[in-house]
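Peer 1: The structure under discussion is supplied below as structure tokens; questions concerning it will follow.
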Amino acid sequence: MPTRVGQAATGRVQPQPSVPERARELLRSGLGLIGPRHARHSLSVDQLDALALPIGDDGVVIGVDAEGRPAVLGLNRPTPYDVVLIGGLWTVQVIALRAAATGARVAVETGRPQAWIQMVHAMGGGQNGLAVYDVGRVPPQGTSAGTPVLVVRDCGMRPPRGRVVSGPWQSVLTLLPYLSPVAPRLVRQAHLVGVQRVSPDEAAELGRTMALPRPEVESLPGLSDGLTLWCSDRDRQYVMTQPTDAETGLLGTPRRMD
């Protein structure tokens, strides 16, 4: 006759240990407490294709794409990252606000501090993630993975070479209101370029500099306020930046001209 679990060969039933005794034994053996018991979950091979996890890129949501999906810009990176926007101040300020909301510190280098003063006051007088500096006066930011920084360069059509450049955990976003002689150099050096509404002549120049297809070149003079064509080496994407109520109250509605 086979011996059952918990029963000795003599045929006498051994007493089962109590739950506290089992817990103490598990702790002594280093296995921890007895956890809850749940039924196992399993999927058939045919059901695996239906299994999906809602995982996307992390970063700053800068708007929605043509299909209405969130468009995310990853600014906090362990490698240098340069972005150029040929467009309006409104879009850059929205990006700066949202970058600060994700925990990044924002350092603004500008020749028009009055255009940023309202944002500084709204964010606690420069103590909560956004500080404004004169052109050429941005100090070293002391970046790390825990304290990433976005440097915004709002220095006009001919921004001088910056003292603070992109590096690990420090991205640089340069705003150009229009094309200028320095624009081709900045565009070629950038990892990402955004283009808002420009004149037909500017669109043709950008088409040559960035090797844009004809449909994109022809679309640039007619882009609506808040719409940006973002271009990298491998991808092009139209993104519509839609403000929240708080952003509208602070910055107004989307606009290309300042």
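Peer 1: Extension gain residue 64-residue 77, at 0.36 nm per residue separation less the Cα-Cα distance, in nm? Please report the intermediate quantities before stating the final value.
Peer 2: Numbers: separation 13, 0.36 × 13 = 4.68 nm, distance 2.18 nm.
Once the chain is fully extended between residue 64 and residue 77, it gains 2.5 nm.
Peer 1: Also: Express in nm, to one decimal, how much length is gained between residue 102 and residue 133 on full extension, taking 0.36 nm for each residue of separation and deducting their alpha carbon distance.
Peer 2: Working: separation 31, 0.36 × 31 = 11.16 nm, distance 2.15 nm.
Contour length minus Cα-Cα distance gives 9.0 nm.
Peer 1: When the accessible area of the stretch 78-184 is split by element with a 1.4 Å probe, what percent falls to carbon and sulfur?
Peer 2: Details: 2440 of 4330 Å².
That fraction is 56 percent.
Peer 1: Quick check: convex hull of the Cα atoms in the stretch 128-251, volume per residue, rounded to a whole Å³? Show your work: numbers first, answer last.
Peer 2: Details: hull volume 17.3 nm³, N = 124.
Here the figure is 140 Å³ per residue.
Peer 1: May I pose another question? Taking the Cα atoms of the stretch 204-258, report the difference between the largest and smallest coordinate on each principal axis, in whole Å and largest first.
Peer 2: 39, 22, 15
Peer 1: Another one. Restricting the count to DSSP beta bridges whose residues both fall in the stretch 106-258, what percent are antiparallel, rounded to a multiple of 5? List each step's numbers first, then the result.
Peer 2: Working: 9 of 23 bridges.
So the antiparallel bridges amount to about 40 percent of the total.
Peer 1: In whole percent, what relative contact order does the stretch 96-230 give with Cα contacts below 8 Å and a gap of six or more residues? Provide the component values of the computation, followed by the final result.
Peer 2: Details: 193 pairs, mean separation 25.9, N = 135.
So the answer I get is 19 percent.
Peer 1: Run the 1.4 Å probe and let me know the accessible area of residue 182, rounded to the nearest 10 Å².
Peer 2: Probe radius 1.4 Å; accessible area of residue 182 about 30 Å².
Peer 1: Okay, next question. I'd like to check one number: the per residue accessible area of the stretch 64-135, probe 1.4 Å, reported in Å² as a whole number. Don't skip to the answer; put the middle values down first.
Peer 2: Values: 2970 Å² over 72 residues.
Here the per-residue accessible area is 41 Å².
Peer 1: Hey, another quick one. Using the scaling law 2.2 N^0.38 Å as the reference, what is the normalised Cα Rg of the stretch 64-213?
Peer 2: Details: Rg = 15.2 Å, N = 150, 2.2 N^0.38 = 14.8 Å.
Against the empirical 2.2 N^0.38 Å value, I get 1.03 for the stretch 64-213.
Peer 1: Follow-up. May I ask you to give the solvent-accessible area per residue for the stretch 176-252, in square angstrom, as obtained with a 1.4 angstrom probe? List each step's numbers first, then the result.
Peer 2: Details: 4000 Å² over 77 residues.
Averaged over the residues of the stretch 176-252, the accessible area is 52 Å².
Peer 1: So for 199, 180, what's the accessible-area order with a 1.4 Å probe, most first? Provide the component values of the computation, followed by the final result.
Peer 2: Values: 199 45, 180 15 Å².
My answer, sorted largest first, is 199, 180.
The values are calculated or read from the model by the stated rules, or taken from the named source; none is laboratory data. This is a predicted model, so every value here is computed, not measured. SASA here: full protein model, heavy atoms, side chains in, ligands and nucleic acids out. Shrake-Rupley method; radii C 1.70, N 1.55, O 1.52, S 1.80 Å.
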